[in-house]
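The values are calculated or read from the model by the stated rules, or taken from the named source; none is laboratory data. From a predicted model like this one, the values you see are computed outputs, not experimental measurements. FYI the Cβ positions are ideal-geometry reconstructions off the backbone, even for glycines, and counts take in every protein chain you see.
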Amino acid sequence: MSELPVGSIEDAFTAAIGSNVGCINWEMLCWPDAPEAGFHGESKHAEVTLLFNTRTRELDVPAQEHTVLVHVRSAVFGGVQTREPYAHWLAEHVGLTIIGPGQRL
């Protein structure tokens, strides 16, 4: 499916699962450099998960809406998580905003 254009499967998947829960996960991505924000691009833990009718990757919390999870590697130095701002930068870069707190998996 990697050769399919962006946006080509989401509508069909949504129609197929109806009100059931499901997910699409894109792995092996590479986040871009953001020198103005002090971040270097990376491919480790670079994923996006689209959750349908649920709020968790375990698909165990039903919801009436869909959720997008942006995965970035996190690091804690001196009690401060340093990668969550990168997730916010990624969202803003595509015209979106992060609406929930960071989660550790």
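Quick look at the numbers
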read-out: Count - residues of region 41-61 that are of a type outside the set (Asp, Glu) and touching a Ser or Thr at 6+ places or on another chain (Cβ under 9 Å); value: 11
read-out: In region 1-41, the residues that are touching a Leu at 6+ places or on another chain (Cβ under 7 Å) and over 18 Å from Thr67 (Cβ atoms); value: Trp31
read-out: Every pair of residues 6+ apart whose Cβ atoms lie under 7 Å, when the first sits in region 51-67 and is farther than 17 Å from Thr14 by Cα while the second is in a loop (DSSP other than H, G, I, E, B); value: Val61/Arg55
read-out: Members of region 2-27 found to be at pLDDT below 85 and on the phi > 0 side of the Ramachandran plot, listed by number; value: Gly7
read-out: Hey, Ala34 of a type outside the set (D, E, K, R), within 18 Å of Val94 (Cα to Cα) and in contact with a helix residue (DSSP H, G or I) (Cβ under 9 Å, 6 or more places away or on another chain) or not; value: yes
read-out: Residue tally, condition hydrophobic (A, V, I, L, M, F, W, C), surrounded by 12 or more Cβ atoms within 10 Å (Cβ to Cβ) and over 12 Å from the mean Cα position of the chain (by Cα), over region 22-70; value: 7
read-out: Residues of region 29-44 that turn out to be free of Cβ contacts under 8 Å to residues at least 40 places away in the same chain and over 14 Å from Arg73 (Cβ atoms), as a count; value: 4
